[in-house]
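The values are calculated or read from the model by the stated rules, or taken from the named source; none is laboratory data. Note that this is a predicted model, so its numbers are computed, not measured. So basically every Cβ, Gly included, is an ideal-geometry build from the backbone, and we count neighbours across all protein chains shown.
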Amino acid sequence: MSQDLLETLLKAKDDENANVRKAAAIALGDQDSSHAKAALAKMLSDKVWQVKEEVINSIQKAKITEAAPHLLKILGCDDESQARKAILKWAAARGEDQASSKAQGGANPLAGGGKKKVDPNPWQIKKAAALAVSSLRPNLAAAPLMEMLKVENPSVRSAALIGLGTIQSQEAIGEAIAMCEDTDWNVRKTAATILGRLKAEQAAPVLIKLLDDDKFSVRTEAVIALNHIKPSEALEPLANTLANDNNYEVRKTAATALGNLKNEEIAPALFKALKDDNWMVKKAALDSITNLKVVDGIDFMAQMLGDEQEEIRSAAAAGLITLTKISKAKV
(Lines give C-alpha, C1' and ligand atoms only; values in the text may rest on other atoms or scores of the structure.)
Protein backbone atom coordinates (compact mmCIF):
# COMPACT_ATOMS: atom_id res chain seq x y z
CA MET A 1 0.00 0.00 0.00
CA SER A 2 1.40 3.39 -0.98
CA GLN A 3 1.88 6.07 1.61
CA ASP A 4 -0.30 8.41 -0.44
CA LEU A 5 -3.21 5.96 -0.38
CA LEU A 6 -2.85 5.42 3.35
CA GLU A 7 -2.88 9.16 3.99
CA THR A 8 -5.96 9.53 1.78
CA LEU A 9 -7.82 6.83 3.73
CA LEU A 10 -6.76 8.21 7.10
CA LYS A 11 -8.14 11.56 6.08
CA ALA A 12 -11.31 10.04 4.66
CA LYS A 13 -12.11 8.27 7.93
CA ASP A 14 -12.80 11.70 9.49
CA ASP A 15 -14.83 13.07 6.59
CA GLU A 16 -18.13 14.81 7.40
CA ASN A 17 -19.91 12.56 4.90
CA ALA A 18 -20.87 9.25 6.52
CA ASN A 19 -20.68 7.37 3.23
CA VAL A 20 -17.09 8.52 2.74
CA ARG A 21 -16.20 7.27 6.22
CA LYS A 22 -17.95 3.97 5.49
CA ALA A 23 -15.99 3.56 2.26
CA ALA A 24 -12.77 4.39 4.11
CA ALA A 25 -13.54 1.67 6.65
CA ILE A 26 -13.99 -0.88 3.85
CA ALA A 27 -10.73 0.14 2.18
CA LEU A 28 -8.76 0.21 5.44
CA GLY A 29 -9.84 -3.36 6.10
CA ASP A 30 -8.00 -4.42 2.95
CA GLN A 31 -4.72 -2.80 4.00
CA ASP A 32 -1.97 -4.69 5.81
CA SER A 33 -0.76 -1.79 7.91
CA SER A 34 -0.52 -1.10 11.63
CA HIS A 35 -1.68 2.46 10.91
CA ALA A 36 -4.75 1.16 9.10
CA LYS A 37 -5.57 -1.19 11.97
CA ALA A 38 -5.17 1.58 14.54
CA ALA A 39 -7.43 3.82 12.47
CA LEU A 40 -10.15 1.17 12.36
CA ALA A 41 -9.99 0.73 16.13
CA LYS A 42 -10.52 4.48 16.56
CA MET A 43 -13.44 4.42 14.12
CA LEU A 44 -15.42 2.25 16.56
CA SER A 45 -16.49 5.53 18.15
CA ASP A 46 -18.22 6.72 14.96
CA LYS A 47 -21.68 8.11 15.71
CA VAL A 48 -23.35 6.58 12.66
CA TRP A 49 -24.15 2.92 13.17
CA GLN A 50 -23.93 2.04 9.47
CA VAL A 51 -20.33 3.26 9.47
CA LYS A 52 -19.56 1.46 12.71
CA GLU A 53 -21.00 -1.78 11.31
CA GLU A 54 -18.59 -1.64 8.38
CA VAL A 55 -15.74 -0.80 10.75
CA ILE A 56 -16.48 -3.95 12.76
CA ASN A 57 -16.65 -6.05 9.59
CA SER A 58 -13.25 -4.72 8.54
CA ILE A 59 -11.81 -5.38 11.99
CA GLN A 60 -12.92 -8.99 11.66
CA LYS A 61 -11.52 -9.25 8.14
CA ALA A 62 -8.18 -7.74 9.16
CA LYS A 63 -8.04 -9.97 12.27
CA ILE A 64 -7.42 -7.09 14.68
CA THR A 65 -7.52 -9.18 17.86
CA GLU A 66 -6.65 -6.25 20.10
CA ALA A 67 -10.05 -4.75 19.24
CA ALA A 68 -11.87 -7.67 20.91
CA PRO A 69 -12.24 -5.96 24.32
CA HIS A 70 -13.88 -2.96 22.66
CA LEU A 71 -16.28 -5.26 20.81
CA LEU A 72 -17.16 -7.03 24.05
CA LYS A 73 -18.10 -3.66 25.55
CA ILE A 74 -20.45 -3.10 22.63
CA LEU A 75 -22.09 -6.39 23.61
CA GLY A 76 -22.44 -5.17 27.17
CA CYS A 77 -19.88 -7.58 28.61
CA ASP A 78 -17.85 -6.43 31.59
CA ASP A 79 -15.82 -9.62 31.58
CA GLU A 80 -15.26 -12.73 29.48
CA SER A 81 -17.55 -14.84 31.65
CA GLN A 82 -20.51 -13.02 30.10
CA ALA A 83 -19.12 -13.18 26.58
CA ARG A 84 -20.36 -16.57 25.40
CA LYS A 85 -24.01 -15.87 26.22
CA ALA A 86 -23.85 -12.40 24.65
CA ILE A 87 -22.13 -13.69 21.50
CA LEU A 88 -24.74 -16.38 20.93
CA LYS A 89 -27.60 -13.98 21.70
CA TRP A 90 -26.56 -11.22 19.32
CA ALA A 91 -25.10 -13.41 16.59
CA ALA A 92 -28.61 -14.80 16.20
CA ALA A 93 -30.24 -11.35 15.97
CA ARG A 94 -32.60 -10.90 13.03
CA GLY A 95 -34.56 -8.14 11.36
CA GLU A 96 -37.50 -8.45 13.74
CA ASP A 97 -35.40 -6.52 16.27
CA GLN A 98 -35.06 -3.67 13.83
CA ALA A 99 -38.38 -2.11 14.76
CA SER A 100 -37.19 -1.37 18.28
CA SER A 101 -33.92 0.08 17.04
CA LYS A 102 -35.77 2.25 14.54
CA ALA A 103 -38.05 3.51 17.27
CA GLN A 104 -34.95 4.69 19.10
CA GLY A 105 -32.98 5.73 16.06
CA GLY A 106 -35.12 7.67 13.59
CA ALA A 107 -34.00 8.45 10.04
CA ASN A 108 -31.08 6.86 8.20
CA PRO A 109 -28.04 9.15 8.70
CA LEU A 110 -26.49 7.94 5.43
CA ALA A 111 -29.53 9.21 3.55
CA GLY A 112 -29.28 12.66 5.07
CA GLY A 113 -31.78 14.63 7.05
CA GLY A 114 -31.77 12.41 10.16
CA LYS A 115 -31.81 14.59 13.26
CA LYS A 116 -33.17 12.25 15.89
CA LYS A 117 -30.79 10.73 18.38
CA VAL A 118 -29.59 7.34 17.17
CA ASP A 119 -28.89 4.42 19.45
CA PRO A 120 -25.10 3.95 18.97
CA ASN A 121 -25.42 0.19 19.21
CA PRO A 122 -28.62 -1.09 17.57
CA TRP A 123 -29.00 -4.79 16.86
CA GLN A 124 -27.06 -4.62 13.59
CA ILE A 125 -23.98 -3.38 15.46
CA LYS A 126 -24.29 -5.97 18.20
CA LYS A 127 -24.71 -8.75 15.64
CA ALA A 128 -21.61 -7.61 13.76
CA ALA A 129 -19.68 -7.34 17.03
CA ALA A 130 -20.76 -10.83 18.11
CA LEU A 131 -19.66 -12.39 14.83
CA ALA A 132 -16.37 -10.49 14.89
CA VAL A 133 -15.54 -11.47 18.47
CA SER A 134 -16.37 -15.11 17.82
CA SER A 135 -13.90 -15.01 14.94
CA LEU A 136 -11.18 -13.03 16.73
CA ARG A 137 -11.52 -14.93 20.02
CA PRO A 138 -12.71 -18.45 19.17
CA ASN A 139 -11.95 -19.54 22.74
CA LEU A 140 -14.94 -17.51 23.94
CA ALA A 141 -17.62 -19.39 22.01
CA ALA A 142 -16.45 -21.66 19.21
CA ALA A 143 -14.02 -23.77 21.22
CA PRO A 144 -16.49 -24.62 24.04
CA LEU A 145 -19.19 -25.41 21.49
CA MET A 146 -16.84 -27.69 19.58
CA GLU A 147 -16.20 -29.58 22.82
CA MET A 148 -19.95 -29.97 23.33
CA LEU A 149 -20.14 -31.85 20.03
CA LYS A 150 -18.36 -34.73 21.75
CA VAL A 151 -21.16 -35.20 24.28
CA GLU A 152 -23.26 -38.34 23.81
CA ASN A 153 -26.59 -36.59 24.37
CA PRO A 154 -27.96 -35.80 20.86
CA SER A 155 -29.88 -32.75 22.09
CA VAL A 156 -26.67 -31.23 23.43
CA ARG A 157 -24.82 -31.94 20.20
CA SER A 158 -27.61 -30.42 18.14
CA ALA A 159 -27.66 -27.30 20.33
CA ALA A 160 -23.89 -26.95 20.04
CA LEU A 161 -24.06 -27.26 16.26
CA ILE A 162 -26.78 -24.62 16.10
CA GLY A 163 -24.57 -22.33 18.17
CA LEU A 164 -21.62 -22.87 15.84
CA GLY A 165 -23.82 -22.15 12.87
CA THR A 166 -25.12 -19.01 14.53
CA ILE A 167 -21.62 -17.58 14.91
CA GLN A 168 -20.83 -18.74 11.37
CA SER A 169 -17.93 -20.88 12.50
CA GLN A 170 -16.20 -22.48 9.53
CA GLU A 171 -14.70 -24.98 11.95
CA ALA A 172 -18.14 -26.52 12.29
CA ILE A 173 -18.32 -27.66 8.66
CA GLY A 174 -16.25 -30.79 9.06
CA GLU A 175 -18.13 -31.81 12.20
CA ALA A 176 -21.50 -31.12 10.58
CA ILE A 177 -20.61 -33.24 7.55
CA ALA A 178 -19.75 -36.15 9.84
CA MET A 179 -22.96 -35.59 11.84
CA CYS A 180 -25.04 -36.05 8.68
CA GLU A 181 -24.51 -39.77 9.30
CA ASP A 182 -25.46 -39.63 12.98
CA THR A 183 -27.87 -42.29 14.24
CA ASP A 184 -30.14 -39.57 15.69
CA TRP A 185 -32.37 -38.08 13.00
CA ASN A 186 -32.63 -34.68 14.70
CA VAL A 187 -28.85 -34.40 14.70
CA ARG A 188 -28.80 -35.20 10.97
CA LYS A 189 -31.48 -32.58 10.38
CA THR A 190 -29.57 -29.95 12.34
CA ALA A 191 -26.34 -30.79 10.53
CA ALA A 192 -28.03 -30.30 7.15
CA THR A 193 -29.49 -26.98 8.29
CA ILE A 194 -26.11 -25.66 9.44
CA LEU A 195 -24.29 -26.79 6.30
CA GLY A 196 -26.82 -24.90 4.23
CA ARG A 197 -26.55 -21.83 6.42
CA LEU A 198 -22.76 -21.89 6.04
CA LYS A 199 -23.09 -22.57 2.29
CA ALA A 200 -20.57 -25.37 2.60
CA GLU A 201 -19.92 -26.45 -0.99
CA GLN A 202 -17.85 -29.43 0.17
CA ALA A 203 -20.96 -30.83 1.86
CA ALA A 204 -22.87 -31.35 -1.39
CA PRO A 205 -22.22 -35.14 -1.61
CA VAL A 206 -23.40 -35.90 1.92
CA LEU A 207 -26.44 -33.63 1.54
CA ILE A 208 -27.38 -35.40 -1.69
CA LYS A 209 -27.13 -38.68 0.22
CA LEU A 210 -29.55 -37.29 2.81
CA LEU A 211 -32.20 -36.96 0.10
CA ASP A 212 -32.78 -40.69 0.72
CA ASP A 213 -33.04 -40.36 4.51
CA ASP A 214 -35.94 -42.20 6.08
CA LYS A 215 -37.14 -39.05 7.88
CA PHE A 216 -38.97 -36.53 5.70
CA SER A 217 -37.86 -33.58 7.86
CA VAL A 218 -34.22 -34.53 7.28
CA ARG A 219 -34.84 -34.79 3.54
CA THR A 220 -36.53 -31.38 3.56
CA GLU A 221 -33.58 -29.76 5.31
CA ALA A 222 -31.18 -31.44 2.88
CA VAL A 223 -33.11 -29.93 -0.04
CA ILE A 224 -33.10 -26.50 1.61
CA ALA A 225 -29.35 -26.77 2.22
CA LEU A 226 -28.72 -27.70 -1.41
CA ASN A 227 -30.90 -24.75 -2.39
CA HIS A 228 -28.54 -22.48 -0.46
CA ILE A 229 -25.37 -24.06 -1.84
CA LYS A 230 -26.65 -24.60 -5.41
CA PRO A 231 -24.20 -27.30 -6.53
CA SER A 232 -24.62 -28.35 -10.17
CA GLU A 233 -24.35 -32.02 -9.22
CA ALA A 234 -27.60 -31.73 -7.24
CA LEU A 235 -29.68 -31.22 -10.40
CA GLU A 236 -30.56 -34.86 -11.10
CA PRO A 237 -30.90 -35.94 -7.45
CA LEU A 238 -33.33 -33.09 -6.80
CA ALA A 239 -35.28 -33.95 -9.94
CA ASN A 240 -35.55 -37.52 -8.69
CA THR A 241 -36.73 -36.24 -5.31
CA LEU A 242 -39.37 -34.10 -6.99
CA ALA A 243 -40.65 -37.05 -8.98
CA ASN A 244 -40.50 -39.80 -6.39
CA ASP A 245 -40.46 -38.58 -2.79
CA ASN A 246 -43.53 -39.74 -0.86
CA ASN A 247 -43.86 -36.48 1.10
CA TYR A 248 -45.42 -33.46 -0.59
CA GLU A 249 -43.43 -30.99 1.55
CA VAL A 250 -40.17 -32.48 0.32
CA ARG A 251 -41.38 -32.48 -3.29
CA LYS A 252 -42.56 -28.87 -3.02
CA THR A 253 -39.22 -27.76 -1.59
CA ALA A 254 -37.38 -29.67 -4.33
CA ALA A 255 -39.43 -27.92 -7.01
CA THR A 256 -38.46 -24.55 -5.58
CA ALA A 257 -34.79 -25.53 -5.29
CA LEU A 258 -34.68 -26.69 -8.90
CA GLY A 259 -35.94 -23.30 -10.03
CA ASN A 260 -33.13 -21.62 -8.13
CA LEU A 261 -30.44 -23.74 -9.79
CA LYS A 262 -30.97 -21.65 -12.93
CA ASN A 263 -30.60 -24.54 -15.36
CA GLU A 264 -33.27 -24.85 -18.06
CA GLU A 265 -32.36 -28.51 -18.59
CA ILE A 266 -34.52 -29.29 -15.58
CA ALA A 267 -37.67 -27.94 -17.25
CA PRO A 268 -39.08 -31.38 -18.23
CA ALA A 269 -39.00 -32.49 -14.59
CA LEU A 270 -40.92 -29.35 -13.62
CA PHE A 271 -43.45 -29.88 -16.43
CA LYS A 272 -44.02 -33.42 -15.13
CA ALA A 273 -44.52 -32.06 -11.60
CA LEU A 274 -47.53 -30.09 -12.84
CA LYS A 275 -49.41 -33.40 -12.65
CA ASP A 276 -48.55 -33.90 -8.97
CA ASP A 277 -51.54 -34.75 -6.77
CA ASN A 278 -50.69 -31.92 -4.35
CA TRP A 279 -51.52 -28.38 -5.41
CA MET A 280 -48.62 -26.85 -3.45
CA VAL A 281 -46.14 -28.96 -5.39
CA LYS A 282 -47.77 -27.89 -8.65
CA LYS A 283 -47.63 -24.23 -7.65
CA ALA A 284 -43.95 -24.51 -6.71
CA ALA A 285 -43.28 -26.09 -10.11
CA LEU A 286 -45.15 -23.28 -11.88
CA ASP A 287 -43.18 -20.65 -9.98
CA SER A 288 -39.90 -22.35 -10.85
CA ILE A 289 -40.79 -22.58 -14.54
CA THR A 290 -41.45 -18.84 -14.46
CA ASN A 291 -38.27 -18.24 -12.45
CA LEU A 292 -36.24 -20.14 -15.06
CA LYS A 293 -37.92 -18.14 -17.85
CA VAL A 294 -38.69 -21.31 -19.79
CA VAL A 295 -40.81 -20.06 -22.70
CA ASP A 296 -41.63 -23.68 -23.61
CA GLY A 297 -43.76 -23.62 -20.50
CA ILE A 298 -46.33 -21.21 -21.95
CA ASP A 299 -48.66 -23.99 -23.14
CA PHE A 300 -48.41 -25.70 -19.76
CA MET A 301 -49.30 -22.42 -18.07
CA ALA A 302 -52.34 -22.05 -20.31
CA GLN A 303 -53.55 -25.53 -19.41
CA MET A 304 -53.23 -24.78 -15.70
CA LEU A 305 -55.56 -21.78 -16.03
CA GLY A 306 -58.40 -24.28 -15.73
CA ASP A 307 -57.20 -25.81 -12.46
CA GLU A 308 -59.75 -25.97 -9.64
CA GLN A 309 -57.29 -24.41 -7.16
CA GLU A 310 -57.27 -20.61 -7.24
CA GLU A 311 -53.60 -20.41 -6.21
CA ILE A 312 -52.69 -22.58 -9.19
CA ARG A 313 -54.69 -20.45 -11.62
CA SER A 314 -53.12 -17.29 -10.24
CA ALA A 315 -49.56 -18.65 -10.51
CA ALA A 316 -50.25 -19.94 -14.01
CA ALA A 317 -51.66 -16.59 -15.09
CA ALA A 318 -48.66 -14.68 -13.75
CA GLY A 319 -46.29 -17.17 -15.37
CA LEU A 320 -48.05 -17.07 -18.72
CA ILE A 321 -47.93 -13.27 -18.83
CA THR A 322 -44.24 -13.20 -17.88
CA LEU A 323 -43.15 -15.94 -20.28
CA THR A 324 -45.16 -14.44 -23.15
CA LYS A 325 -43.37 -11.12 -22.71
CA ILE A 326 -40.02 -12.93 -22.71
CA SER A 327 -40.99 -14.89 -25.83
CA LYS A 328 -42.02 -11.74 -27.72
CA ALA A 329 -38.78 -10.01 -26.72
CA LYS A 330 -36.76 -12.83 -28.29
CA VAL A 331 -38.48 -12.45 -31.67
(message) Please go through (1) more than 21 Å from GLU66 (Cα to Cα); (2) surrounded by 13 or more Cβ atoms within 10 Å (Cβ to Cβ); (3) over 25 Å from the mean Cα position of the chain (by Cα); (4) among the small types (Gly, Ala, Ser) for ALA23 and return the number of the only condition it doesn't satisfy.
(response) (3)
(request) Hey, can you tell me all the residues within the stretch 1-17 that are part of a helix (DSSP H, G or I) and surrounded by fewer than 15 Cβ atoms within 10 Å (Cβ to Cβ)? (result) GLN3, ASP4, LEU5, GLU7, THR8, LYS11
(message) Let me confirm something: among ALA239, ALA267, which residue is over 25 Å from the mean Cα position of the chain (by Cα) and small (Gly, Ala, Ser)?
(response) ALA267
(request) Return the residue satisfying two criteria in turn: it lies in the stretch 255-264 and is in a loop (DSSP other than H, G, I, E, B) and of a type outside the set (S, T, N, Q), and of such residues it is nearest to the chain's Cα centre (by Cα). (result) LEU261
(message) Looking at the stretch 274-284 only, could you name the residues that are in a helix (DSSP H, G or I) and under 24 Å from LYS325 (Cα atoms)?
(response) LYS282, LYS283, ALA284
(message) Of everything in the stretch 270-293, what is among the polar types (S, T, N, Q) and either surrounded by fewer than 21 Cβ atoms within 10 Å (Cβ to Cβ) or more than 21 Å from the chain's Cα centre (by Cα) (or both)? Give them in sequence order.
(response) ASN278, THR290, ASN291
(message) Just to be sure before I move on: is ASN227 assigned to a helix (DSSP H, G or I), over 25 Å from SER169 (Cα atoms) and not hydrophobic (A, V, I, L, M, F, W, C) in the structure I sent?
(response) no
(request) Go over the candidates ALA142, ALA92, ALA129 one by one and state the one that is under 28 Å from GLY163 (Cβ atoms) and modelled with pLDDT of 90 or more. (result) ALA129
(message) Go through the stretch 285-331 and report how many residues are assigned to a loop (DSSP other than H, G, I, E, B) and more than 15 Å from LYS272 (Cα to Cα).
(response) 8
(request) Give me a count of the residues in the stretch 166-177 that are crowded, with 21+ Cβ neighbours inside 10 Å and either in contact (Cβ under 8 Å) with a residue 40 or more places away in the chain or within 19 Å of LEU210 (Cα to Cα) (or both). (result) 4
(message) Among the residues of the stretch 210-220, are any in a helix (DSSP H, G or I), under 18 Å from the mean Cα position of the chain (by Cα) and modelled with pLDDT of 95 or more?
(response) yes
(message) Being free of Cβ contacts under 8 Å to residues at least 40 places away in the same chain, of a type in the set (Lys, Arg) and buried (at least 19 other Cβ atoms within 10 Å of the Cβ) is the requirement here; does ARG197 meet it?
(response) no
(message) Within the stretch 118-155, take every residue that is free of Cβ contacts under 8 Å to residues at least 60 places away in the same chain and among the acidic types (Asp, Glu) and give me the one that is farthest from CYS180 (Cα to Cα).
(response) GLU147
(message) Just to confirm my filter: which helices (runs of 4 or more DSSP H) fall fully inside the stretch 18-99 and include at least 1 residues that are over 22 Å from PRO138 (Cα atoms) and of a type in the set (A, V, I, L, M, F, W, C)?
(response) 18-28, 34-42, 49-61
(message) Pull out all pairs, ordered by first then second residue, where Cβ-Cβ is under 9 Å, the residues are six or more apart or on different chains, the first lies in the stretch 271-287 and is more than 15 Å from LEU258 (Cα to Cα), and the second is modelled with pLDDT of 95 or more and among the β-branched types (Val, Ile, Thr).
(response) TRP279/ILE312
